[in-house]
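Here is the structure we will look at, set down as structure tokens.
Every number here is computed from the coordinates shown, using simple stated rules; none is lab data. These numbers come from a predicted model, not from an experiment. When we count neighbours, we look across all protein chains shown, and the Cβ atoms used for this are built from the backbone with ideal geometry, even at glycine.
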Amino acid sequence: MKLTHSSLFLTLPNLLTSVRFITAPLMLYLAWNGYGLPFMAVLAFAFLTDVLDGLAARLTGQVTQFGARLDTWADLATYLTIGFGTWWLWPEIVHREDHYLYAIIACYLIPAVSGMIKFGSYPSYHTWGVKIAAVSLGSSLYPLFLADIAWPLRFAVFIYVLAAIEEVAITLCLDKLQSNVGTIWHVLKK
């Protein structure tokens, strides 16, 4: 079966990724109207689609540059939604943990800016470190906002700092922009 141009974009992994562009405005609506538990439930669904899109891409052999970029933009939409939504729902917790939240923003921006400076494009490395950091960070939001337990977030930030350092190192080592890099060791072995 010959793949058409549109079929390269309309794949199961890309459709799963696109769900996050739909959940983002829904979560904003829920947060703005004070629905904390439904917000967290939809966020859990968004996190699940983030896990499933990568798994589906690898299992179906549909790992593409477009899919990696789409995933990165869906991540950004989700992270911005988390920021606004949690600020609206739990401003006192967000304010109390603001130093950690600023560290998360820096860990997202510094690798992105370093990639933009070097390559003129936003990197989509999808390293193992960032995946571990994302899972730890995402799961830390539930004890933080539903039970006011902060230590999982603080530990997740430590992991995220390490992942961000690795991403900057990858940018410094690469000659041209790549997606789905894995780890710094994958770059150094080439």
Check: Using a simple charge model, +1 on the beta-carbon of Lys and Arg, -1 on the beta-carbon of Asp and Glu, nothing else, what dipole does the chain show about its Cα centre, in debye to the nearest 20?
Finding: 620
Next item on the list: Treat each spin label as a single point 7 Å out from the Cα along the C-beta direction, and report the residue 116 to residue 102 distance in nm.
Entry: 2.0
Note to self: I'd like the distance between the alpha-carbon centres of region 125-156 and region 28-93, rounded to an integer number of Å.
What the structure shows: 13
Notebook entry, point to check: Shape call for region 27-131 from the C-alpha gyration tensor, a ≥ b ≥ c root eigenvalues: rounded (a/c under 1.5), prolate (a/b greater than b/c) or oblate?
Noted result: oblate
Notebook entry, point to check: What percent of all Cα-Cα pairs in region 90-190 falls in each 10 Å bin, counting up from 0?
Noted result: 16, 44, 26, 13, 2
Checklist line | Segment residue 59-residue 189, extension gain: residue separation times 0.36 nm, minus the distance between their alpha carbons | finding: 44.3 nm
Item checked: Global geometry of the chain, whether rounded, prolate or oblate, following the gyration tensor of its Cα atoms and the 1.5 cut on a/c -> oblate
Checklist line | Residue-span extension gain [residue 95 to residue 69] - 0.36 nm each, minus C-alpha spacing | finding: 6.2 nm
Check: Number of Lys-Lys pairs in the chain under 25 Å by Cα, sequence gap 8 or more or different chains?
Finding: 9
Item checked: Expected 222 nm ellipticity per residue - DSSP helices of 4 or more, -39500 (n - 2.57), all of the chain, to 500 -> -27000 deg cm²/dmol
Notebook entry, point to check: Which distance in nm do the two modelled labels at residue 139 and residue 45 give, with both placed 7 Å along the Cα-to-Cβ direction?
Noted result: 2.3
